[in-house]
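The values are calculated or read from the model by the stated rules, or taken from the named source; none is laboratory data. Owing to the predicted nature of the structure, the values given are computational and were not obtained by experimental measurement. All Cβ positions, even for glycine, are placed from backbone atoms using ideal geometry, and neighbour counts span all protein chains on display.
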Amino acid sequence: MRSNIIFVIGFSCVLAFGVQGQNGGNYFSGSLEANGNAFIRDARIGAANTPQYDHQLYGADAWFDMRYTQAGFNVGFRFDVFNNSNLLNPLDSYTGEGIGMWYINKEIDKLDVTVGYIYDQIGSGMMFRSYEVRPLLIDNALIGLKLEYELFPNWRIKAFTGRQKQQFDTYRPVVVGGSFEGFVSGGGGDKTYWSLSPGIGMVNRTLDDATVNNLVSDLRTYTPVDSVGVNYNTYAFNAFNTLSVGRFTWYAEAAYKSTELFFDPFAEKTNWDGSTSLGKYLSSDGHLLYSSLSYASGGLGITLDLRQMNNFEFRISPFSQQLQGLMNFIPPLARQNTFRLNARYNAVPQFLGENAVQLDVNYSLSRNLNVSFNGSLINDLDNNPLYREMYFDVAYKKPRSYTLTSGLQMQLYNQRVYELKGDAGAVQTITPFVDFLYKFSRRHALRVEAQYMYTGSDWTGEVKGGDVYREFGDWMFLQAEYSIAPHWTIFASDMYNVVPEKTEDIHYYSFGFAYSKGANRIGLSWVKQVEGVVCTGGVCRLEPAFNGVRLNVNANF
Amino acid sequence: MKRNLLGTFCFMAFLLSFACEEIPPEIPPIQAPSGNKNVLIEEFSGVQCPNCPVGDAQINNLRSLYEGRVFSITMHPYATQVLSAPMSDSRYDYRTDAAEAIIDYLGLPSGIPAAAVNRVQFPGQSGLLSAPNQWAGQVEDELDKEAKASLFLTTDYDSDSRSLEIEVRIEAQSNLEGDLRIHLGIIEDHLVDAQIDGTMKIENYEHNHILRDYVTGHLGDNVRSRLSQGEVWTREYQYTVPEEDGWWVAEHLHLVGFVSNITEDSKEVLQVTEVQFYDPE
């Protein structure tokens, strides 16, 4: 706390000095994001048995960012508040507050220096990325030093070192890394016909003595048949390139991770009493291969993605679990759906092994008519199906009047693997949807969306024994949103378990409003939400049900 | 100049490549602990929790490796929701109010299996509970400590009336100050029932060390706020073992007793022991 106070005083001095010496080119910017929750117990949907529902009743999360630039210096800090928060662990309560981030950045000739909290990535981030996803309370900034130097025009070399943030503390292992990236292009005359953006990167993570000692203690309990060693250092290397030729763009990345210890929950372990159980440490290297080829011409856009992962779980410590301690960012290779029911089942990336392919096609038949298609197929490394999705929509827009979007989504979702629910199976869905936006005038508009999720089919024919798993059963969702520009939006929705399998038929309704004025926005809503995998920014987590009131306040300056 | 810089970069990369060799840590065999403090593992589990058999296996390993020094209580709370709820073909519902009170007291984990080892918060932990891959190190640390209190349980069980008489004797091995508490729990072994294991369901999984009830309050009974070194505290308890179809089998029941000391920043278990009170003779 004392260091926080010193930092705020120091930052205030810098600002005071800056304000006195303003002579153009210096500016403040910042933002506030604040969320308040009132938890209302509803045991029927599972919104119960956590401290928030049982006795705390209220919770809040807030982030206040402030950035300032002067004389080539960029400084910033962020104050974070978590009171009875369910973001870190949806089943528990987390309370803490303090300086969540600060940095000082200065460019000295061609050398760019940053100290403090560093958010950065190498390549696409699939080997290394430090980033923040607030709704899931992921904030894995590196606290340390970053140097970037422009070797030649368009060619930069970068090096960084630090320790990963853990709420208001740090993990003990040390991270060192760097990259060398550039850009070249060519063509005839003034026109660029091709360009290349190649790069290479490296990251090293050194475990601390306490972590290694803990691992050694655990490994000592292994029988000789399962015995494995442990290293202090793990290295990861990658090479990546974006090639653009005419209307084609091809991004390719290959990453390799040296041998390290990781926990495989499905590996068979022999116990001292001769029995076996699942789950043990293994020691192996890993790799990731990714390719994304796109074509864009006129109204046609096509993207084909391919990815293979094997033992590519890269965390700050082998003891980190779920969304904690991630050192890289690997999003699902499937469509990021926005409609409620279409987004219910998400293909959480399987770091230990997955083959994935995705095709996305978008075509504008005319200025008013657009069609799109997305197909994704994800298997484990033994070719067992994990996820399938076929998505198709048609959008018709009548200028200044209405926009109608309608389509169909079909999914296979291996819930047993994705959510480790051994009693589950592969859910297969067929979900037609429609979205209608009608503009009464320049200020008044009504948007209605509706979806129906049918879970009884076996459209892929891949479910062994024809045992179709329906999880909760069939769902229906309806939402109406009325907006009065530029200030008001009012909405009401209901997600209804039409043919319930697990619970009694329950209406999961929500309603609320949002008011915007200038750079400020306030939203207040009553939310009743079913449990499920929630993906935000490509990162997913199993979220329990929610019932209560939510208040959101956003401001920018 | 640019060529020199690039050359320097390549030379540095070449030099760094020599740093890739390290001397890995040794993994020595298990040795007899140097202290006399026993260890209590309080595990939170669930029949629909796919990773929970991993926790059970690790507890069995630790109990085998440190026989007579490591004891465990497996609890199924309500707070872990669907993971601990019985399945449609489950024979028993293992959830208890005691488990709920204790998980609330120790802090809800982000997932299960999770356990407290002697209710100690170890370095690098944000709470008292940790995952199975951390228990061995914690157990080792605790076993190397000297116990600050000795605990003796004497039992007398009447099979006909199912009445259990318990005499508790605590002897302070150092000056103790704080909220000292005695905890007496009944656990049951050999409960054969359904359990999810990874992506499979095992119909005849053997559940062991399952918490059935507490003879004392769920969070223990007060002993005294101060015990001087060498001072002895005793108390007698009486408990009637319930009779229910299929479980509460006297041969499979054990009494686990432990002493904890609650201070401003600790809930540490000072000593633990276990007795099988049913004697077929």
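From the list A:Ser376, A:Ser441, the one residue that fits, being hydroxyl-bearing (Ser, Thr, Tyr), farther than 30 Å from A:Asn311 by Cβ and modelled with pLDDT of 90 or more, is A:Ser441.
Applying the criterion of at least 3 residues that are under 18 Å from A:Gln350 (Cβ atoms) and within 14 Å of chain B (Cβ to nearest Cβ) to the strands (runs of 3 or more DSSP E) found wholly in region A:239-320 leaves A:248-270, A:276-297. Per this entry, A:Tyr295 is counted among residues that are touching a Phe, Trp or Tyr at 6+ places or on another chain (Cβ under 7 Å) and farther than 26 Å from A:Tyr119 by Cα. The set of residues in region B:62-78 that are in a loop (DSSP other than H, G, I, E, B) and buried (at least 23 other Cβ atoms within 10 Å of the Cβ) contains only B:Pro77. Given the condition of a type in the set (Gly, Ala, Ser), within 23 Å of the chain's Cα centre (by Cα) and away from chain B (no Cβ under 14 Å), answer yes or no: does some residue in region A:404-414 qualify? The answer is no, given that none of the residues of region A:404-414 is of a type in the set (Gly, Ala, Ser), within 23 Å of the chain's Cα centre (by Cα) and away from chain B (no Cβ under 14 Å).
Rundown of residues vs (1) at negative phi; (2) within 23 Å of the chain's Cα centre (by Cα); (3) crowded, with 17+ Cβ neighbours inside 10 Å; (4) at pLDDT below 85, yes/no style:
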residue	(1), (2), (3), (4)
A:Asn37	yes, yes, yes, no
A:Gly46	no, no, yes, yes
A:Tyr53	yes, no, yes, no
A:Phe64	yes, yes, no, no
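Within region A:453-469, the set of residues being at pLDDT 75 or above and buried (at least 18 other Cβ atoms within 10 Å of the Cβ) comprises A:Met453, A:Tyr454, A:Thr455, A:Tyr469. Of the candidates A:Tyr295, A:Tyr345, the single residue that is aromatic (Phe, Trp, Tyr) and surrounded by fewer than 21 Cβ atoms within 10 Å (Cβ to Cβ) is A:Tyr295. Filter region A:373-413 down to the residues that are surrounded by 15 or more Cβ atoms within 10 Å (Cβ to Cβ) and out of contact with any Phe, Trp or Tyr (no Cβ under 9 Å at 6 or more places or on another chain), then identify the one that is farthest from A:Leu352 (Cα to Cα). Filtering region A:373-413 for residues that are surrounded by 15 or more Cβ atoms within 10 Å (Cβ to Cβ) and out of contact with any Phe, Trp or Tyr (no Cβ under 9 Å at 6 or more places or on another chain), the one farthest from A:Leu352 (Cα to Cα) comes out as A:Lys397. Cβ-Cβ distances below 6 Å connect the following pairs, each with a first residue in region B:130-146 that is within 11 Å of chain A (Cβ to nearest Cβ), a second residue that is acidic (Asp, Glu), and a separation of six or more residues or different chains: B:Asn133/A:Asp218; B:Ala136/A:Asp218. A count restricted to region A:418-460 and to residues that are assigned to a loop (DSSP other than H, G, I, E, B) and farther than 20 Å from A:Tyr396 by Cα stands at 13. The single condition among (1) among the small types (Gly, Ala, Ser); (2) crowded, with 17+ Cβ neighbours inside 10 Å; (3) touching a residue at least 60 places away in the same chain (Cβ under 8 Å) that B:Ser161 does not meet is (2). Just wondering, is there one or more residues in region A:524-546 that are among the hydroxyl-bearing types (Ser, Thr, Tyr) and either buried (at least 16 other Cβ atoms within 10 Å of the Cβ) or at pLDDT 95 or above (or both)? Yes, region A:524-546 has at least one match. Being more than 24 Å from B:Cys49 (Cα to Cα), touching a residue at least 24 places away in the same chain (Cβ under 8 Å), assigned to a strand (DSSP E or B) and in contact with a strand residue (DSSP E or B) (Cβ under 9 Å, 6 or more places away or on another chain) holds for only one residue in B:Gln238, B:Gln229, and it is B:Gln238. Evaluation of A:Gly76 against the conditions (1) surrounded by 18 or more Cβ atoms within 10 Å (Cβ to Cβ); (2) touching a helix residue (DSSP H, G or I) at 6+ places or on another chain (Cβ under 6 Å); (3) of a type in the set (Gly, Ala, Ser) shows that the sole unmet condition is (2).
Just one of the listed residues (A:Leu136, A:Leu147) is within 14 Å of chain B (Cβ to nearest Cβ) and either farther than 30 Å from A:Asn214 by Cβ or touching a His at 6+ places or on another chain (Cβ under 6 Å) (or both), namely A:Leu147.
Considering the conditions (1) more than 15 Å from the chain's Cα centre (by Cα); (2) surrounded by 24 or more Cβ atoms within 10 Å (Cβ to Cβ); (3) within 19 Å of B:Ser266 (Cα to Cα), B:Gln125 is excluded by exactly one of them, (2). Looking only at region B:115-129, residues that are of a type outside the set (S, T, N, Q) and at the interface with another protein chain (Cβ under 9 Å from one of its Cβ atoms) come to 4 in all. Restricting region A:114-170 to residues that are of a type in the set (Lys, Arg) and either on the phi > 0 side of the Ramachandran plot or out of contact with any Pro (no Cβ under 9 Å at 6 or more places or on another chain) (or both), the residue that is surrounded by the fewest Cβ atoms within 10 Å (Cβ to Cβ) is A:Arg134. B:Asp97 satisfies every condition listed in (1) closer than 29 Å to B:Met200 by Cα; (2) within 11 Å of chain A (Cβ to nearest Cβ); (3) surrounded by fewer than 24 Cβ atoms within 10 Å (Cβ to Cβ); (4) not hydroxyl-bearing (Ser, Thr, Tyr) except (2).
How many residues are under 27 Å from the mean Cα position of the chain (by Cα) and either aliphatic (A, V, I, L, M) or modelled with pLDDT of 85 or more (or both) if we restrict to region A:252-273? Looking only at that region, the number is 11. Annotation note: of B:Gln81, B:Gln48, B:Gln58, the sole residue that is buried (at least 16 other Cβ atoms within 10 Å of the Cβ), within 15 Å of B:Trp135 (Cβ to Cβ) and within 11 Å of chain A (Cβ to nearest Cβ) is B:Gln58.
Residues that are free of Cβ contacts under 8 Å to residues at least 60 places away in the same chain, crowded, with 16+ Cβ neighbours inside 10 Å and touching a Gly at 6+ places or on another chain (Cβ under 9 Å) are absent from region A:299-306.
Looking at (1) modelled with pLDDT under 95; (2) closer than 29 Å to A:Arg416 by Cα, can you tell me which one B:Gly127 breaks? Failing condition for B:Gly127: (2). Checking B:Glu244, B:Glu264, B:Glu274 one by one, the residue that is in contact with a strand residue (DSSP E or B) (Cβ under 8 Å, 6 or more places away or on another chain) and either buried (at least 21 other Cβ atoms within 10 Å of the Cβ) or charged (D, E, K, R) (or both) is B:Glu274 and no other.
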